[in-house]
1. Name the one entry in B:V41, B:V24 that is in a loop (DSSP other than H, G, I, E, B) and within 16 Å of the chain's Cα centre (by Cα).
2. Would a scan of the stretch B:100-120 turn up a residue that is out of contact with any Pro (no Cβ under 6 Å at 6 or more places or on another chain), touching a residue at least 24 places away in the same chain (Cβ under 8 Å), farther than 28 Å from A:A299 by Cα and charged (D, E, K, R)?
3. Is there a residue being in contact with a Leu (Cβ under 6 Å, 6 or more places away or on another chain), part of a loop (DSSP other than H, G, I, E, B) and surrounded by fewer than 23 Cβ atoms within 10 Å (Cβ to Cβ) anywhere in the stretch A:59-79?
4. Considering only the stretch B:8-42, state which residues are surrounded by fewer than 20 Cβ atoms within 10 Å (Cβ to Cβ), among the β-branched types (V, I, T) and modelled with pLDDT of 95 or more.
5. How many residues does the stretch A:129-149 hold that are hydrophobic (A, V, I, L, M, F, W, C) and within 14 Å of another protein chain (Cβ to nearest Cβ)?
6. May I ask you to verify whether A:A246 is at pLDDT below 90, of a type outside the set (D, E, K, R) and over 23 Å from A:L75 (Cα atoms)?
7. Go through (1) surrounded by fewer than 16 Cβ atoms within 10 Å (Cβ to Cβ); (2) more than 11 Å from chain A (Cβ to nearest Cβ); (3) at pLDDT 95 or above and name the single condition B:A311 misses.
8. Kindly provide the set of residues from the stretch A:281-304 that are surrounded by 16 or more Cβ atoms within 10 Å (Cβ to Cβ) and either assigned to a loop (DSSP other than H, G, I, E, B) or within 14 Å of chain B (Cβ to nearest Cβ) (or both), ordered by number.
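The values are calculated or read from the model by the stated rules, or taken from the named source; none is laboratory data. Every value quoted in this text rests on a predicted model; they were computed, and no experiment measured them. Please note: Cβ atoms are built from the backbone with ideal geometry, for glycine as well, and neighbour counts cover all protein chains shown.
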Protein chains: 2
Amino acid sequence: MAPPDVIVREVGLRDGLQLVKSFVPTETKLAWMRAVAAAGVPEIETTNFVPAKVIAQFADSADVARGALAIEGPLMCALAPNRKGAENGLATGLKKMNFVLSVSEGHNLANVRKSTDASFAEFENVVALKKERPEWKDVVIQGCLATSFGCTIEGRVDPDRVLRFVDRYLELGADEITLADTVGYAAPSEIANLFHHTVQLAAGKPVYAHFHDTRGLGLANVYAALEAGVRGFDASTGGLGGCPFAPGASGNIVMEDLVFLLEKEGLNTGVDLEKYRLAREIAETTLPNENFYGTILRAGLPKGFVPASKAA
Amino acid sequence: MAPPDVIVREVGLRDGLQLVKSFVPTETKLAWMRAVAAAGVPEIETTNFVPAKVIAQFADSADVARGALAIEGPLMCALAPNRKGAENGLATGLKKMNFVLSVSEGHNLANVRKSTDASFAEFENVVALKKERPEWKDVVIQGCLATSFGCTIEGRVDPDRVLRFVDRYLELGADEITLADTVGYAAPSEIANLFHHTVQLAAGKPVYAHFHDTRGLGLANVYAALEAGVRGFDASTGGLGGCPFAPGASGNIVMEDLVFLLEKEGLNTGVDLEKYRLAREIAETTLPNENFYGTILRAGLPKGFVPASKAA
């Protein structure tokens, strides 16, 4: 099989579950993940190595990660807010850890109770882990910048500050960069502009986009990011992942619709939408009180349309 | 007030109501239209001059058009499937009539029971009306091409055929062109490509885009069309306008979210989203069994964001 032209990363198990109060059993999380993997999704953010007292949903993070690593196919990664979390994650055998800080000082303080300077210092500690064990030497450390396109606390976020933060991540040893529109503020032109510069700064290192569809522009932003050269996109099953700042509004962009967009653009994602249907069924059955979004699985593919993945 | 940078055209009263079985009273249609006008929408497709036996919802087309013309502000237009309809529309005093035919031969036959050649002959008859009365001399005749990006009957539609049809419309005297993705098949690159060529052929005559959000790509397609130079977009209140070929899937693109996209792109639409809320309330109250979509009115504008219309 040809490698995908674009990496779509499932974040339903992490970002999607982050605000879900009822604990989803570990085995259900893994069943959902197996369905995502079976559909051909090349990367899954499996969990968040945050203390259970902070987010109880992720009390089983080590078990989830170990279970995930037994599933064939996707690259398995996880989020870690600090060195301790990253260490716990790597101890399970994960080969990729994602670190996140907010460009907005106010949002970072609210989210992780640290200044952005303190968060960058913590990121240095995470990168330093690579030297601690021989088997950690080649792990991938991704640096994510939350609120890159605005923030519900500070409003506008200066794009120059975002680019300085991208530089800082790269200098400290980030292998990959993610820019996140955490609260769904961005419009396509700003996406195009900021990702264009970020892709240039990253100089060949992968750049991911993490979009929320809170204000309906998620897929328009994907197209703008594609034009800017981005080839990694986060999305969740049915758009799971409500935003605490916008009750009733949708969360992450919908994986199914993202895949349709990319395949219709002639880009091979490796994902079989019909097989992905099972992932959605598991998620919907497991979480009957959550909202699920998306249109392609209801409307069906255009008549005669052959996805790029099938043609590849 | 500065003229808008982009014309957003409300089609909820026409495309939105087309499949609604319960007759909406004329006065309710006009109240909805008054709310749309009060919000600053610069153009409204008011009704469809089709025989009542074909679509009963439009049995009051002449009354609706006359009522619309009494509302200050927007340019009022209507759809007409043939010469007779256009004549009836112009007799009410409307200054703009929209004609539609499908690029797909099979869809045109199913929709208006005519070959596309016969539809173009009918379009000539519509244009000829301009010579029939002195007061009709300056009316605007818009030619719309349905199924420009694919068709549920024939599948793929050849872009070269679309461009030949654009040429034919222009040669026969169309003042404006609309390309419609009637069934929500299009993806951004094909939008960019076909509209780029259409804008060139139109040589300064306005080009409109009519998108359905059946497969979630409506606003991504708007961004691509914007990049191609399109400055006219159809949309409906809350995305009203179910597609008969995709039960449960959304219809037109959502006016509210379209306006947010454009304003966030720095383009003045002239529309006040807070005032538009009343239009949505009227539509939702009138049609309790229809689905309404859209996120911006629930999520609210980004903190600190000043719409281009307010800055203008």
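1. Exactly one of B:V41, B:V24 is in a loop (DSSP other than H, G, I, E, B) and within 16 Å of the chain's Cα centre (by Cα), namely B:V41.
2. For the stretch B:100-120, residues out of contact with any Pro (no Cβ under 6 Å at 6 or more places or on another chain), touching a residue at least 24 places away in the same chain (Cβ under 8 Å), farther than 28 Å from A:A299 by Cα and charged (D, E, K, R): absent.
3. No, because not a single residue in the stretch A:59-79 is in contact with a Leu (Cβ under 6 Å, 6 or more places away or on another chain), part of a loop (DSSP other than H, G, I, E, B) and surrounded by fewer than 23 Cβ atoms within 10 Å (Cβ to Cβ).
4. B:V24, B:T26, B:T28 - these are the residues of the stretch B:8-42 that are surrounded by fewer than 20 Cβ atoms within 10 Å (Cβ to Cβ), among the β-branched types (V, I, T) and modelled with pLDDT of 95 or more.
5. Matching residues across the stretch A:129-149 total 1.
6. Answer is yes for this residue.
7. Unmet for B:A311, out of (1) surrounded by fewer than 16 Cβ atoms within 10 Å (Cβ to Cβ); (2) more than 11 Å from chain A (Cβ to nearest Cβ); (3) at pLDDT 95 or above: (3).
8. We begin by selecting, within the stretch A:281-304, every residue surrounded by 16 or more Cβ atoms within 10 Å (Cβ to Cβ); these are A:282-283, A:286-287, A:290, A:292-297, A:299-302.
Within the stretch A:281-304, A:L287, A:E290, A:F292, A:Y293, A:G294, A:T295, A:I296, A:L297, A:A299, A:G300, A:L301, A:P302 meet the criteria.
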